[in-house]
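Trainee: So that we are looking at the same thing, I have put the structure below in C-alpha cells.
The values are calculated or read from the model by the stated rules, or taken from the named source; none is laboratory data. None of the values given here were measured: they were computed from a predicted structure. Ideal geometry is used to build each Cβ from the backbone, glycine not excepted, and the neighbour counts take in all protein chains shown. Protein only, heavy atoms only, side chains kept; ligands, DNA and RNA dropped before computing areas. Shrake-Rupley method; radii C 1.70, N 1.55, O 1.52, S 1.80 Å.
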Amino acid sequence: VALAELAVAGLALLILFAAGWASPWQTHPAAGWLLPLILVAPPALAMGAVLPWLIRAAGSQHAVAIYAGNIFGGLFGIGWLMAWALPSLGLGGASLLALGINFAIAVAAGAIGSKERTIEPARIVIGGNDPRLMALAFASGFLVLATEVIFQHQFAQFFVSSHFSSAMVLALVLAALGLGAVITPFLAQLGAKALPLVIVLAAAACAIQPMILIVQRGGVIYLPFQQELPAYLWDALRLGLPAATLPLLPAAVLFPLLLREAGQRGIEIGRLLAVNGLGGWLGAEITERMIAPVFGLWTSLAVIGGGYALCLLLMPTRARWLLIAASCLVLAAGWRIDARLPYAGLRPGETLEAIAVGREGAVGVVRGAPDDWRLIFNNSYTLGGSRAQLNQERQGLLPVLLHGNARRVATLGVATGSTLAGVALDPAVEKIEGIELSPLALRFAGEHFAPFNRNIFTDPRVQLTVGDARLVIASRAGAYDVIVGDLFLPWRTGEGRLFTREHFENVRAALRPGGLYFQWLPMFQLTRAQFDTIQRTFREVFPDMFLVRGDFYARSPIVGLVGGRPLGELDWTGVTAAAERIRKADASADPLLRHAEGLALTIVGPPPAPPPGPVNTLGNSWLEWDAAHNLVGLREPWFIGSELSAFLANATPAGSALLPADLRDIPHVGQLFLEVENARAVKSPDAERLAGNARAALPAALRDDSGADWSRWPMRHDPDLP
C-alpha cells in the first residue's frame, strides 16, 4: 500500500507539469488517447492497487467495510476539494496538497507495515473464480457508471454548468454507493434472495427515475443560481437525493453483495475489483458515445434498466423468468412515460423544434415567434438566436473591417453561424475557418438557422472544423489575418482555458504579420476581478492591446480585447476602403459598419494597466474556478453599468489620440452613447440631455446614410436616431 501511494504521488506529478512539456503534442492526431494513456493511466493503476491490498491485509471478511470506507473517503474528498481546496488554492495548489496527502498515507502505511514481525509473501490465486460472480461484477460496474453518465447529462439541465455541478452529481452517486455498502449486511440476511431482489429493484428504479426528477421540479426548470450558496445547495440536495441517490441505491448494493459472497468463498477479490473497474470504464464510454446520443436523457435509463434485467439470467433461481418478465413490463411502462417527458423549460408560446444529446451535453432548438429561434445548451444557456443576428454578425465583421485587408479569417466558435456570416460579408475575405466544439451545434445551425446566418454553410469560402478551438488553433501557425474569439462562458467546464496565457500564445503564433486577434468578452458574465485577470493575461502576450466596444448596452455589453497590432498602427486607409466595399455591396445595414466614422465609434483604446494579481494559465485555471465559485449567490457583481462606463471613459482619451486627426473626436461620441444608455437604464433626469448631445454629435456620414437600418442600432433604449 505504501509503495502504491508513493507511485500515485510521483506519477501524478507529471500531470501538474504537462501544460508545459506536453503542449507541443496536443495537436497530434493520436493525442486524444495517447496523452491520457501516458499521463493518467500510470497513477490510476497505482490507485487501483490500493484497495485490493488493503482488503488482503485486513482479511476478505472485511471487504465490504473497507469498500464502504473507500467510497465515503471519496465523498469527503470531493466536498473538501470543491468547498475549500480549489477555490482557496487553485488547481495547482490543490493538486500539490492532494499529492502530499498521498505521500502522508504512504508514510503511515509504511510505518504500520514496519511493525509487522513476519510478512507473508503475496499469494496470487489462480483458480477458484466464479464466472457468474465475475460477470455480475462486470455488469455492476458497467451499469453504475452508465447511470452516472446519464445523471451528469440529466442534472446539467437543472444545475449551473461547471466543475462544481459535475462534482455534485458525482457526490450524489458516491453517496448511493456508500449507503449501498452500509445496508449490504442487512440485505445479506435474505440469503439467496438478496441478489435477485436488488437487481429487480435496480431495473425498476431506472424506469421511474426520470419521472421523479421531472415531477420534483414541475418540469425541466433550472435551479436559480442567484440565491445564496446554502439555499442553492439545499435545493440541489432536495432534488438530487430523491432523484439520484435513492434510485441508485438498489444498484449500489449489488457489488458489495458480490464482494461479501467472494470473501466468504475465498475467491480472489482483486480480480472482482478489476473486472468491476473494467466494466465501469466501458459503461461510461459506451454510454457517452452510443446510449445517450441514441436514446436521450430519459429513455436511456430504461435501456440501462434492461441491462439489469439481463443480469437476472445469471440467477440460479427457478423464478428468474418471472422476474425478467416483471422487470421488462415495468421498464416498458417506464419507457412509454419517459419518452413523453419534456426536454427543456420553455416560455409561453415556445416549442422545442429539435433536441439531441452528445458528449458536450444536450443541444436544442427553440422556436418562439416566426422570427425568434434560439440555439440552447443544457436548458440554461442560449448559444445564439435569430433576434441577435445583427449583433452576432458585428462580432465577425467589425474585426475584419478594422484589419482593413483581411484575406484569411478564423472564428473560435460557430454556434448559430451568424458571426461566421458576419465575416463573410466582406467580399475581400478569401477563406474562413469556423472552429466549433459541438457537432450538434453545427448540425442544428445548418438545419434550422440558415435564414438567419445567410446560409453561410454553403459559402465555398467557409471551412467548418469540429474540435477544441484551443487545440485546433495551436496547429495553425501563421495561418490567419484575423482570429475572432467568440463569447465564452467563463465558468463552464473547460471554456476558461480559452482565456489562458498558453492559448493566447498559440493564437499569436497563428496570426500572419500584421494580423489581429479579437477576443470578445461578455461583461455581463464577468466580475471586475475576472476581467482584470483576463486583461492581465492578455497583456503578457499582446502588450500593445487595446479595447473596442461591441455595442452600447448598459446591462448586457460586450467588449473586445484586441492584440497583434497597436491601435496607432491600424491602417485607416484600408479600413475606409473596407467599409466602402460593404456599402457598395450593400452587404450590411448595420450603421456602425458602413463607414470608417462608424467603426471609430467602437474604438475605446489602451486601458490602464490592471493592479497586480493572478494570471490565468492552464496550470491554475484561475478564471474557471473563480467564476464558478462566484456565480452561485453572485458574491461580486458583474462588471457592467456605470462602473464599466467609467472604466471605458478613462481609456477613451488615450485611444482617441492614436486615431487620424479627422476621427479623434468620434470615440468620445461612442462613449456618450453608452452614457445615454446607462442614464436611461437608471431613469436619470440627465438622460434626455445626454441623448440630445449624442444625436447632435453623430458623424454626418452615418446620419446621411440612407442604406443604414437604424432600428438595429445596438442600444436597448431608442436614441431617436434617423
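Trainee: Taking R0 as 22 Å, what FRET efficiency do you get between residue 359 and residue 40 from their Cβ-Cβ distance, rounded to the nearest 0.05?
Mentor: It comes out at approximately 0.80.
Trainee: Can I ask one more? For a quick check: with amide H placed at 1.01 Å from N, whose amide H comes under 5 Å from residue 384's, ignoring anything fewer than 5 positions away on the same chain?
Mentor: Amide H neighbours of residue 384, under 5 Å, 5+ apart: 375.
Trainee: Straight-line reach from residue 584: which aspartates and glutamates fall under 14 Å, measuring Cα to Cα and dropping same-chain residues less than 8 apart?
Mentor: Excluding near neighbours in sequence, the set is 426, 705.
Trainee: Run lengths n ≥ 4 of DSSP H only: what is the helix-derived mean residue ellipticity at 222 nm for the chain, with -39500 (n - 2.57) per run over all residues, to the nearest 500?
Mentor: Helices in the chain give a 222 nm mean residue ellipticity of -18000 deg cm²/dmol.
Trainee: Add +1 for every Lys or Arg and -1 for every Asp or Glu among the other residues with Cβ under 10 Å from the Cβ of residue 583, and state the total.
Mentor: 0
Trainee: Can I ask one more? Once you list every other residue whose beta carbon is under 13 Å from the beta carbon of residue 512, what net charge do they have if Lys and Arg are +1 and Asp and Glu are -1? Present the calculation step by step, with values, prior to reporting the outcome.
Mentor: Values: positive: 407, 408, 431, 476, 508, 565; negative: 430, 481.
That works out to +4.
Trainee: Could you list log10 I(q)/I(0) for the stretch 337-435 at q = 0.19 Å⁻¹, which the Debye formula gives when each Cα is one point scatterer?
Mentor: Debye output, listed in q order: -0.91.
Trainee: Could you put 343, 67 in order of accessible surface area, largest first, with the 1.4 Å probe and the full protein assembly present? Don't skip to the end; give the middle numbers.
Mentor: Working: 343 45, 67 25 Å².
Ranking 343, 67 by accessible area, largest first, yields 343, 67.
Trainee: Now for a separate question. Taking Rh as the Kirkwood radius computed over C-alpha pairs, what is the Stokes-Einstein D of the stretch 591-722 at 37 °C in a medium of viscosity 0.692 mPa s, expressed in µm² per second?
Mentor: Rounded to a whole number, D works out at 194 µm²/s.
Trainee: Ignoring ligands, DNA and RNA, how do 163, 153 rank by accessible area with a 1.4 Å probe, largest first?
Mentor: 163, 153
Trainee: Net charge near residue 490: determine it from the other residues with C-beta under 14 Å of the C-beta of residue 490, scoring Lys and Arg +1 and Asp and Glu -1. Present the calculation step by step, with values, prior to reporting the outcome.
Mentor: Numbers: positive: 492, 497, 528; negative: 486, 495, 532, 624, 626, 636.
Neighbour charge sum, excluding residue 490 itself: -3.
Trainee: Toward the positive end of the charge dipole of the chain, about the Cα centre and with charges on Cβ (Lys, Arg +1; Asp, Glu -1), which of 537, 176, 363 goes farthest?
Mentor: Comparing the listed Cα positions along the dipole, 176 ranks first.
Trainee: Whose amide H sits under 5 Å from the amide H of residue 433, counting only residues 5 or more places off or on another chain, with H placed in the peptide plane?
Mentor: Distant-sequence amide H within range of residue 433: 409, 410, 411, 463.
Trainee: Can you give me the long-range amide H partners of residue 546? Hydrogens built in the peptide plane at 1.01 Å from N, cutoff under 5 Å, separation of 5 or more residues or another chain.
Mentor: Long-range HN contacts for residue 546: 562.
Trainee: From the phi angles alone, apply the Karplus equation (6.51, -1.76, 1.60; θ = phi - 60°) to the stretch 301-313 and give each ³J(HN,Hα) in whole Hz, x where the residue is Gly or Pro.
Mentor: Computed from phi, the couplings for the stretch 301-313 are 5, 5, 5, 5, x, x, x, 5, 4, 5, 4, 5, 5 Hz.
Trainee: Under the rule a/c < 1.5 gives rounded, and otherwise a/b versus b/c splits prolate from oblate, where does the stretch 282-413 land using the Cα gyration tensor?
Mentor: Note, shape of the stretch 282-413 comes out oblate.
Trainee: Another question about this same structure. To the nearest Å, what is the center-to-center distance of the stretch 402-479 and the stretch 304-377, using C-alpha atoms only?
Mentor: The two parts, judged by their Cα centres, are 33 Å apart.
Trainee: Now a separate question. Across the stretch 145-160, in residue order, what do the Karplus-derived ³J(HN,Hα) couplings come to in whole Hz, using 6.51 cos²θ - 1.76 cosθ + 1.60 with θ = phi - 60° and x for Gly and Pro?
Mentor: Running phi through 6.51 cos²θ - 1.76 cosθ + 1.60 with θ = phi - 60° gives 6, 4, 5, 4, 4, 5, 4, 4, 5, 4, 6, 5, 7, 10, 9, 4 Hz.
Trainee: Per residue, how much accessible surface does the chain expose to a 1.4 Å probe? Answer in Å², no decimals.
Mentor: 41
Trainee: When only Cα pairs under 8 Å and 6 or more residues apart are kept, what is the percent relative contact order across the chain?
Mentor: Reported relative contact order: 12 percent.
Trainee: Whole angstrom only: what separates the Cα centroid of the stretch 167-205 from the Cα centroid of the stretch 495-534?
Mentor: With the stretch 167-205 and the stretch 495-534 each reduced to a Cα centre, they are spaced 47 Å.
Trainee: Loop-only GluC sites (Glu not before Pro) in the stretch 380-454, please: DSSP not H, G, I, E or B, and at most 14 other Cβ atoms within 10 Å.
Mentor: Within the stretch 380-454, the qualifying GluC sites (Glu not before Pro) (loop, at most 14 other Cβ atoms within 10 Å) are 430.
Trainee: In the chain, if every C-alpha pair distance is counted and binned at 20 Å from zero, what percent goes to each bin?
Mentor: The percentages, shortest bin first, are 16, 44, 29, 10, 1.
Trainee: Would you mind putting 364-375, 239-250, 698-709 in packing order, based on average other-beta-carbon counts within 10 Å, highest first?
Mentor: 239-250, 364-375, 698-709
Trainee: Taking all protein chains in place and a 1.4 Å probe, what share, in percent, of the accessible surface of the chain do carbon and sulfur account for? Spell out each step's value before the answer.
Mentor: On the way: 18710 of 29800 Å².
Solvent-exposed carbon and sulfur of the chain make up 63 percent of the total.
Trainee: If you don't mind, another one. What are the ³J(HN,Hα) couplings of the stretch 365-378, residue after residue, when phi is run through the Karplus curve with 6.51, -1.76, 1.60 and θ = phi - 60°? Round to Hz, x for glycine and proline.
Mentor: Karplus-based 3J(HN,Hα) across the stretch 365-378 equals 10, 10, 10, x, 5, x, 9, 10, 10, 10, 9, 10, 10, 6 Hz.
Trainee: Can you list the equivalent-ellipsoid semi-axes of the stretch 342-397, largest first and in whole Å, using the square root of 5 times each Cα gyration tensor eigenvalue?
Mentor: Each semi-axis is √(5λ); the values are 20, 15, 8 Å.
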